[in-house]
Every structure is written in structure tokens, then in C-alpha cells.
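Colleague: Just passing along the structure, written as C-alpha cells.
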Amino acid sequence: MKKQYSAPYIERNAAGSTNKYAHRSVLSHLDNIDHVPIGNLIKEHGSPLFVFSERQIRRTYRHLTDVIQMQYPNSEISWSYKTNYLGAICSIYHQEGAKAECVSGMEYEMAKRLGVEGKNIIFNGPGKRRNEIVNAVNDGARLHIDHLEELYLIEKVSDELGIIPEVAIRINMDTGIYPMWTRFGFNYENGEAFRAVQRLLTGKKMKLVGLHVHQGTFILDAFSYYWVAQKLLTLAQQIKEQFDVVVDYIDVGGGFASQNALHAQYTPAEYATPSYDQYAAAIGNAFNESRFVREHEPRLILETGRVLVDEAGYLLSRVIGRKNLPTGERAVILDAGVNINITAWWYKQRVRPTRPFAGSYQNTVFYGPLCMNIDLIRPAMPFPDLQSGDVVVVSPVGAYNVTQWMQFIEYRPNVILISETGAVEVIREREELADVISREHIPEHLIRI
């Protein structure tokens, strides 16, 4: 595709000493996404506006798949629906070969709507309802068991339907990451996980096909995945030796960090976030050392979400107004708030101008339009002097925002996808009043005449 012409320009480069990473505080502008001018996107679809890059989604997925399979070829990815369950986004991953990982009946229905067969769905989560379990068992989905009462309920459903479902045991463990996620699954260290396996096999109502751990989120220690895989494979060997049962797969969950930076994180994301190769090598080393792997070659499953989609998402937002704070910092009010960009609460997201600026930088705080003091998009950062009507780009925002966003004070905006051909498609329309009130009912005596 022919690239859009971009006129030459001169951009100010801040003088002075470098920081400890040998970088100067120079803020480059971004005027296009996948060669589509940002000005055109705002003019056509309004502001604020979520933009997703299909090219980047596919490229990232293929890169991670290649890196993982280089370490261990019998591996696959299940797309984490809770990360972003827009139908268009999920469909891209399914086209690429990803299966579906769902943590609720709602997400399960979403996957089925997109044509995903039950056998290609992992049904996770601690809150599965009886009717949802019935549907999953009938569909041949794989259920990951979170607690004993769920195990017992699945046994009852199995009896009623006359079907032996395929299940996995979810496990929590100490991998050196703190605080430990002990809420989900059965504990490895105190023997609870082994006892759950023993109870499951004694009941003879289910087929144990997998072991699963999801150790946490935004994991910056790649080596922790070595312990996840090593301990799961050790347990798999114990199950084989004591019960003569061979599990089909080892699921090491998700949690890979994206190129965002946590608010408490001092080191920039490009230095702190492990590479795909580091995550893959940690898992691959555990698999290569395992006797169970040498004898049985189980499938390796990843349930990745954030690391696949975060950098493919951008939020375009227009400046509504400016003011000076008592601290001496400048405040900029954007038309995008934390109601639609909820991850701003835990990430120091990048904010970039969409045109070159001359002049000095000033510490600038970015707020949203909500009448709430907590509506903070970005704490103070050096930024050029914006004017009302200017547009900025906030990123990465592809993960969790369009699943955790709220209809609060403001309508939720358009979401668009830039296809690999450069076509711009609306994949979710901006809300209107009718969308907000469609489920309401006003009692007769409260209707104003």
C-alpha cells in the first residue's frame, strides 16, 4: 500500500544532560496509525476514539507463537476473552489459530457466538453456575476446576447427562511472586492440589486431562514461569506414577507484561519488561528438563491476553481546556476519562502529541472530563504547551479497557479497527441515550405528566 505523504518538519530537541538510561526527555509526536492520519480518524469518528491495529495484532500473535514453539513445538495459545472481548478482536485471534479461554458464562456465550466449538474452549473462573456447567459439558468444553464444591457439582451434572467431561485442576503455588495469588484453585505446597486430584480420580465421573496455574498478572520476573512449569510437570509425574493417569496438557496461564509501566515502577517499561524470548526460555527450560515431557510430550498451553493486544490499542483524545495548578504544574483536561481508560489507574501510559511543537516543556498533568477527583489519566510529565482542540494519543490501551470500562457520566465512544489493507472499520458504535436507558422502567406513578 502506498504510504501517505508527510511533509518535512523541524522538531525541537531538548538540550542538556541525559538521564541514567542515556535518553533525553524528547517527546516525539505521532500523527498517524498504520499510515492513516489521526486527523482524518478524529474528523470521521469523533473524539474520544479507540483505535486498534489489525496488522499489529496479527504480527504480535505470530511472533509470540514462533518464540514459544521454538522452545517447545507442541504448544498453543488460548485467547483470554476477559482482556478484550470485542467480537472483531476475538475473531482475529481465532483466525490466527487461537482457541478461547473464558472465565464466565457471558464470555462462554461470546465465544460460541463467534463460532468457537466447545472442544476449543477452556472454561475457567471460580463462579461457574450450574446451567453454565451443563452447557459446557454438553458442548465438550474443558472445565478447569477451582474448588471442591465445583468438583462435586460437575460430578452431579456428569451423572445427570451421562457424559464424562474433560477437566483440569487449577492450582496456586509459590513461584517467588508476591503477593501470591492463593484465591484461585488448590494449593501446591500444602498438598491440597494432590488431594484434589486424588478425590477427582476416586469419583470416576470425570477425565483428568490437564493441570493449570495462573500465577498472577503483569509478571515482570520471567523466571517465575520456570517454577510454574517445573512444579506442574512434577505433579504430572506423580499422578502418572501413583494413579497411572497421563494428563494431556500443562497450562501455564498468562500474566506476561506488556510495554506499559506500573505507577510504582521506577525503571522504564522497555527495560523492565521481559522479552518474549525470556518468558519462553523459562518455560522451555522446565519442559526440556522434565522426565514427564520426555516420556509423554504433553501439550503446552498459554492463556495470554495483555501482551498480545495492549500495544495494538490507542486512545485518541481532544483537549477541552487547560489550567495552572497551585503546584506550578499545568493541568490539561481531555475528553477521555478513566471511565473508558480504567487502566490509567495502574499504568503510567504514554501520552504523545499529534503534531510537532516548538518551545519549552512544562510538567503537565492530564485529567479526564469526569466530575471526580480520581479522573487522572497521567500524572505530571514534561509536555509542550497544548491548546484547546489539540489531539493527543494515549497508549498502550488495548488490554482490559473495553472490558472494564463503565457507562459513567459520559457515553462510551466509537471503537475502530484499521485493517491490514488500511481500511477503517467501526467495530463498536458510540453509545447514545437510548442505549443507556433501554433497560430502565419508570413506575407509572413516577411518570411526569
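The values are calculated or read from the model by the stated rules, or taken from the named source; none is laboratory data. None of these values were measured; they are calculated from a predicted model. No Cβ is skipped: glycine too gets one built from the backbone with ideal geometry, and neighbour counts run over all protein chains shown.
Colleague: Listed residues GLU241, GLU297, GLU303; which is free of Cβ contacts under 8 Å to residues at least 24 places away in the same chain and not assigned by TED's automatic domain parsing to the domain that holds ILE333?
Modeller: Going through GLU241, GLU297, GLU303 in turn, the sole match is GLU241.
Colleague: Give the number of residues within the range 43-68 that are among the hydrophobic types (A, V, I, L, M, F, W, C), part of a helix (DSSP H, G or I) and surrounded by 20 or more Cβ atoms within 10 Å (Cβ to Cβ).
Modeller: Residues in the range 43-68 being among the hydrophobic types (A, V, I, L, M, F, W, C), part of a helix (DSSP H, G or I) and surrounded by 20 or more Cβ atoms within 10 Å (Cβ to Cβ): 2 in total.
Colleague: Based on this model, can you work out whether GLY321 counts as modelled with pLDDT of 95 or more, surrounded by fewer than 16 Cβ atoms within 10 Å (Cβ to Cβ) and touching a Lys or Arg at 6+ places or on another chain (Cβ under 7 Å)?
Modeller: Taking the combined requirement at face value, the residue does not satisfy it.
Colleague: Right, next: Which condition breaks for TYR266 when tested against (1) surrounded by 15 or more Cβ atoms within 10 Å (Cβ to Cβ); (2) within 25 Å of the chain's Cα centre (by Cα)?
Modeller: So TYR266 meets the others, but not (1).
Colleague: Would you check which residues across the range 69-81 are out of contact with any Phe, Trp or Tyr (no Cβ under 8 Å at 6 or more places or on another chain), within 25 Å of ASN124 (Cβ to Cβ), in contact (Cβ under 8 Å) with a residue 24 or more places away in the chain and assigned to a helix (DSSP H, G or I) and list them?
Modeller: TYR81
Colleague: Any chance you could count how many residues in the range 200-240 are aromatic (Phe, Trp, Tyr) and either farther than 29 Å from GLU270 by Cα or part of a helix (DSSP H, G or I) (or both)?
Modeller: Qualifying residue count for the region: 3.
So that you can scan it fast, the table gives a plain yes or no per residue for (1) crowded, with 19+ Cβ neighbours inside 10 Å; (2) closer than 21 Å to ARG142 by Cβ:
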site: ALA236; (1), (2): yes, yes
site: PHE243; (1), (2): no, yes
site: VAL246; (1), (2): no, yes
site: ILE250; (1), (2): yes, yes
site: GLY255; (1), (2): yes, yes
site: LEU262; (1), (2): no, no
site: TYR279; (1), (2): yes, no
site: GLY284; (1), (2): yes, no
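Colleague: Right, another one. Could you check, for the range 426-440, whether at least one of its residues is surrounded by 18 or more Cβ atoms within 10 Å (Cβ to Cβ) and within 19 Å of PRO37 (Cβ to Cβ)?
Modeller: Checked against the condition, which is being surrounded by 18 or more Cβ atoms within 10 Å (Cβ to Cβ) and within 19 Å of PRO37 (Cβ to Cβ), the range 426-440 yields no hits at all.
Colleague: Under the condition of being in contact with a Lys or Arg (Cβ under 9 Å, 6 or more places away or on another chain) and assigned to a loop (DSSP other than H, G, I, E, B), which residue from the range 86-108 is surrounded by the most Cβ atoms within 10 Å (Cβ to Cβ)?
Modeller: VAL103
Colleague: In addition: If I filter the range 189-199 for residues that are part of a loop (DSSP other than H, G, I, E, B) and touching a strand residue (DSSP E or B) at 6+ places or on another chain (Cβ under 8 Å), do I get at least one hit?
Modeller: For the range 189-199, residues part of a loop (DSSP other than H, G, I, E, B) and touching a strand residue (DSSP E or B) at 6+ places or on another chain (Cβ under 8 Å): absent.
Colleague: For the range 263-271, check the following and say yes or no: at least one residue is in contact with a Leu (Cβ under 9 Å, 6 or more places away or on another chain), aromatic (Phe, Trp, Tyr) and assigned by TED's automatic domain parsing to the domain that holds ARG58.
Modeller: Within the range 263-271 (the criterion being in contact with a Leu (Cβ under 9 Å, 6 or more places away or on another chain), aromatic (Phe, Trp, Tyr) and assigned by TED's automatic domain parsing to the domain that holds ARG58), the answer is no, since none of the residues qualifies.
Colleague: Still on this model: Taking helices (runs of 4 or more DSSP H) that fall entirely within the range 267-332, which contain at least 3 residues that are within 26 Å of SER78 (Cα to Cα) and among the hydrophobic types (A, V, I, L, M, F, W, C)?
Modeller: 276-289, 306-309
Colleague: For GLU150, which of the numbered conditions (1) surrounded by 15 or more Cβ atoms within 10 Å (Cβ to Cβ); (2) acidic (Asp, Glu); (3) under 21 Å from the mean Cα position of the chain (by Cα) fails to hold?
Modeller: Status for GLU150: all satisfied but (3).
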